[in-house]
Amino acid sequence: MSVVIVGTLDTKGEEIGFARDVLQAQGVDTHVVDVGVMGEPEFEPDTGANEVAEAADSTLNQLREDADRGEAMETMGEGAATLVTRMHDDGTVNGVLGLGGSGNTSIATTAMRALPVGVPKVMVSTMASGDTEPYVGAKDVMMLYSVADIEGLNQLSRKVIANAALAMVGMVTNDSGVEIEEKPTIGVTMFGVTTPCVQTAREYLEERGYETIVFHATGTGGRAMEDLIRQGVIDGVLDVTTTEWADELVGGVLAAGPERLDAAAETGTPQVVSTGALDMVNFGPRDSVPEEFEGREFHIHNPQVTLMRTTPEETAELGEIIAEKLNTARGPTALFLPLEGVSMLDVEGEDFHDPEADSALFDALRKHLDESMELIERETDINDDAFAAAMAMKLDEYMRAAGEAPNSRPSRRWPSWRGLISSGIPTRPYSRALRTDIAYFLSLKPHQVTASSTAKAVGFRL
């Protein structure tokens, strides 16, 4: 096992050699991959640049003859990703370290993003203090700003590069002691304005033996979930917050791309989907909002985030897009509609409350969703505990039908309603989870669940 160092040895050989020496001094094996194109390497790499180019169906001579920097960077990134992935599959890589300017940052992080989440990835870069999304993507790439340009060794660059190398040493030589328990894993999407829904649903699922991974629906969050679904890491999806499609359609800054909602459909992964935060499009500070949107309804979430209300025309188109995405699903799929609001801001009295826009969304979903898809409508907002529990219950139902549910039953069993009545309702306060369970079955609001209301409701229904 070794740490792979990806770099351009024709321009950054001294710095890469220094990083290699720091790693080796700590007893860590290294494997240097040269991705330099125009010049000769300053020292002999373990994998040469021509081998990298050939891994991308090209040659070093061809790249030199073409003299197209953009094409060369793309080719070497593809080749490095292929070789590093191959080494990982062979069990010979336990971390990747890169250092450089914009060119090698692009190449090295392309290789890093090809590896699974959890493999240590550290990039020392002059680009790390700006927009790092193109380099990090939806993977766990650690970016360390070089402060000065990576051009020669000095008191500053030595310290920064040594810190990066020692951080890698720490990651690859120490056992974290983290035990990974094999549980069915549920991917969940969340925004600040759908947090109560996700918290209730997550609690329900975890009590029943599932592991949950919550993704912040910021574009990269949605892409990360889609990627992990395709990798088989995620066994079921609770897609509460599909807001990234609003940004994709309207032009916000948190779009996840047109493939959002494809992975679960294509793989047949059980999914329960809702319309969380489709009332909003995201931008940066208020003065960054494009002029074309002036006159729209805005909400200042914080100094760095400005939210814009979607219009009826936009929500109608969103409904059609999401329905068409779900119609392609090969596995069990349910769509839940919270008819009284799709976010905290969309309920009566809040800034984005717009029944016309919500109706346009729901009507489009009803119109375009295939009859084979399960459509469940509730006269409540998305953050109601009973709505959240209903979504979680439906996904648990799908998982059990697919044989993907946990083997162990939850420690807290569902209450026996006749037993409660015959033995007397407990006078102590119910737990949040138990109140949620009762609320779902009895069509009560969770805050209405008390001993007397439960007895009255159960007695009436029995």
Determine the pairs where a residue that is part of a helix (DSSP H, G or I), located within segment 371-395, has a partner that is among the acidic types (Asp, Glu) with Cβ atoms under 7 Å apart, the partner being 6 or more residues away or on another chain.
Ala389/Asp437
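Restricting to segment 342-354, name every residue that is of a type outside the set (Asp, Glu) and over 16 Å from Met308 (Cα atoms).
Initially, segment 342-354 is screened for residues of a type outside the set (Asp, Glu), giving 342-345, 347, 349, 352-353.
Selection gives Gly349 alone.
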For segment 223-241, give me each residue that is among the small types (Gly, Ala, Ser) and modelled with pLDDT under 95.
Ala224, Gly232
Among Thr220, Thr241, Thr195, the single one that is closer than 20 Å to Leu375 by Cα and under 16 Å from the mean Cα position of the chain (by Cα) is Thr241
In segment 209-250, the residues that are farther than 24 Å from Gly319 by Cα, of a type in the set (S, T, N, Q) and assigned to a helix (DSSP H, G or I)
Gln231
Can you spot a residue in segment 224-241 that is under 25 Å from Lys394 (Cα atoms), out of contact with any His (no Cβ under 7 Å at 6 or more places or on another chain), open to solvent by less than 10 Å² (accessible area, probe 1.4 Å) and of a type in the set (D, E, K, R)?
yes
Residues in segment 354-377 that are surrounded by fewer than 14 Cβ atoms within 10 Å (Cβ to Cβ), among the acidic types (Asp, Glu) and over 27 Å from the mean Cα position of the chain (by Cα): how many?
3
Given the conditions (1) under 20 Å from Ser157 (Cα atoms); (2) among the hydrophobic types (A, V, I, L, M, F, W, C); (3) part of a helix (DSSP H, G or I), which single one is not true for Val6?
(3)
Among (1) touching a Ser or Thr at 6+ places or on another chain (Cβ under 7 Å); (2) without any contact (Cβ under 8 Å) to a residue 24 or more places away in the chain; (3) assigned to a helix (DSSP H, G or I) - the single one Asp287 does not satisfy:
(1)
Odd one out for Glu206, checked against (1) over 23 Å from Thr275 (Cβ atoms); (2) in a strand (DSSP E or B); (3) not aliphatic (A, V, I, L, M)
(2)
Considering (1) more than 28 Å from Gly257 (Cβ to Cβ); (2) outside any loop (DSSP other than H, G, I, E, B), say which one Lys325 fails and leave the rest.
(1)
Expected output for segment 94-123 (first residue in contact (Cβ under 8 Å) with a residue 40 or more places away in the chain and over 16 Å from Glu71 (Cα atoms), partner assigned to a loop (DSSP other than H, G, I, E, B) and among the hydroxyl-bearing types (Ser, Thr, Tyr), Cβ below 7 Å, 6+ apart or cross-chain) is Gly100/Thr8; Gly101/Thr126
I'd like the full set of residues that are at pLDDT 95 or above and surrounded by 21 or more Cβ atoms within 10 Å (Cβ to Cβ), limited to segment 29-48.
Val32, Val33, Asp34, Val35, Pro45
For segment 337-351, check the following and say yes or no: at least one residue is part of a helix (DSSP H, G or I) and open to solvent by 10 Å² or more (accessible area, probe 1.4 Å).
yes
Picking from Ala264, Ala277, the residue that is in a helix (DSSP H, G or I), among the hydrophobic types (A, V, I, L, M, F, W, C) and surrounded by 15 or more Cβ atoms within 10 Å (Cβ to Cβ) would be Ala264
Mind listing whichever residues of segment 291-322 are touching a strand residue (DSSP E or B) at 6+ places or on another chain (Cβ under 8 Å), closer than 15 Å to Thr242 by Cβ and among the aliphatic types (A, V, I, L, M)?
Ile322
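Where residues in segment 12-29 are over 23 Å from Thr126 (Cα atoms) and of a type outside the set (Asp, Glu), which of them is farthest from the chain's Cα centre (by Cα)? Break it down into steps so the answer makes sense when it comes.
Start the filter on segment 12-29 by keeping residues that are over 23 Å from Thr126 (Cα atoms), which leaves 24-29.
Subset that is of a type outside the set (Asp, Glu): 24-28.
On the way: Gln24: 35, Ala25: 37, Gln26: 34, Gly27: 35, Val28: 32 Å.
Ranking the qualifying residues of segment 12-29, first place goes to Ala25.
The values are calculated or read from the model by the stated rules, or taken from the named source; none is laboratory data. Note that the coordinates shown come from a computational prediction; the quantities given were computed from them, not determined experimentally. A quick note on method: Cβ atoms are made from the backbone with ideal geometry, for glycine too, and the neighbour counts reach across all protein chains shown. Just the protein is used for accessible areas: all its heavy atoms, side chains included, with ligands, DNA and RNA removed. Shrake-Rupley method; radii C 1.70, N 1.55, O 1.52, S 1.80 Å.
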